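Visitor: Please find one structure pasted underneath; my questions will follow.
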Amino acid sequence: MNKRVIVPVLGLVALVSVVSACSGTTTQAASAGPQTIEYKNPAAAAPPQSAAPITVYLTIVTPTQTGKANYPAYVPSSVTVPAHSKVTFVITNFDDATPLQSALFSKVTGTVGNSISVTPLDPASPNAPGQATTVSQVDPKDVGHTFSAPGLGNLNVPIPGHARVSFTVETGAAGTFAWNCFDPCGSGPDGTSGPMVTPGYMQGTITVA
């Protein structure tokens with residue numbers, strides 16, 4: 001708060017003390033006439049602190065890594081993120097592509113800008129740098145999995161085989177939202193059994209708190 005006091009003084013030099021009601025600080029000034037004494041609260045001038053970026057890391061591991069045939073999995077399968085925040089997800093996929101049966105889930109929706117950043121991944125050297133590309137859709141034949149949460153802003157992220165994908169979402173009010181992979185990456189004749197219907201593998205939850 002800024003407090004401005006005008007003190008009229010006639011004739012002799014007067015010493016004026018102004019005590020701020022905000023902080024108890026005393027400001028003194030010498031004057032031979034009317035004077036404006038301006039008090040600035042140091043706390044009010046401090047710049048606001050920006051929130052630290054929030055990043056969630058997920059890994060899609062192969063059936064060999066899970067130890068179960070035809071059972072790829074997201075690790076972890078359930079995450080908690082803050083409400084009313086921008087959250088960046090980074091998903092590293094060690095698994096192969098399994099062509100989508102429908103092009104519907106090859107389109108990016110629900111992310112900031114309705115786009116994702118895709119970097120090719122060498123499973124033998126996953127930390128090697130790669131060239132990132134920003135896309136709004138992935139060719140259905142190149143999709144390995146999806147990260148889809150219809151209740152969370154209609155979120156759908158197609159994830160190519162052997163790739164690292166990053167994207168940002170804006171969370172809203174608190175709640176728990178189910179996510180699923182809608183790529184037929186499981187067992188059975190149509191690839192929709194096994195991990196596709198088993199919690200902790202190709203399905204989980206996003207808790208906004």
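Visitor: Out of Q131, Q101, report the one residue that is out of contact with any Cys (no Cβ under 8 Å at 6 or more places or on another chain), surrounded by fewer than 18 Cβ atoms within 10 Å (Cβ to Cβ), of a type outside the set (A, V, I, L, M, F, W, C) and more than 19 Å from A163 (Cα to Cα).
Guide: Working: Q131 fails: more than 19 Å from A163 (Cα to Cα).
Checking each option against the conditions leaves just Q101.
Visitor: Which members of segment 70-85 meet the condition of being exposed (fewer than 14 other Cβ atoms within 10 Å of the Cβ) and part of a strand (DSSP E or B)?
Guide: In the first step, residues of segment 70-85 are kept if they are exposed (fewer than 14 other Cβ atoms within 10 Å of the Cβ); the result is 76, 80, 82-84.
The one that is exposed (fewer than 14 other Cβ atoms within 10 Å of the Cβ) and part of a strand (DSSP E or B): T80.
Visitor: Return a yes/no flag: does segment 162-179 have any residue that is part of a loop (DSSP other than H, G, I, E, B) and of a type in the set (D, E).
Guide: The initial filter retains those residues of segment 162-179 that are part of a loop (DSSP other than H, G, I, E, B), namely 162, 171-174.
Okay, now just the ones that are also of a type in the set (D, E), so none.
Within segment 162-179, none of the residues are part of a loop (DSSP other than H, G, I, E, B) and of a type in the set (D, E).
Visitor: Go through the residues of segment 126-133 one by one and say whether even a single one is under 19 Å from T80 (Cα atoms) and under 22 Å from the mean Cα position of the chain (by Cα). Outline the logic, then answer.
Guide: Restricting attention to segment 126-133, the residues satisfying the condition of being under 19 Å from T80 (Cα atoms) are none.
The answer is no, given that none of the residues of segment 126-133 is under 19 Å from T80 (Cα atoms) and under 22 Å from the mean Cα position of the chain (by Cα).
Visitor: Here's something else I'd like to know. For segment 82-89, state whether one or more residues are more than 25 Å from G175 (Cα to Cα) and not small (G, A, S). Before you say what the answer is, go through the steps one by one.
Guide: The first filter runs over segment 82-89 and keeps only residues more than 25 Å from G175 (Cα to Cα), leaving none.
So far as segment 82-89 goes, no, none of its residues is more than 25 Å from G175 (Cα to Cα) and not small (G, A, S).
Visitor: If P199 satisfies all but one of (1) of a type outside the set (D, E, K, R); (2) loosely packed, with under 14 Cβ neighbours inside 10 Å; (3) more than 19 Å from N93 (Cα to Cα), what's the number of the condition it fails?
Guide: (3)
Visitor: Across segment 105-159, what is the number of residues that are part of a loop (DSSP other than H, G, I, E, B) and touching a residue at least 40 places away in the same chain (Cβ under 8 Å)?
Guide: 9
None of the figures in this text is laboratory data; all of them are computed from the coordinates on show. Small disclaimer: the values here were computed from a predicted structure and weren't measured. Please note: Cβ atoms are built from the backbone with ideal geometry, for glycine as well, and neighbour counts cover all protein chains shown.
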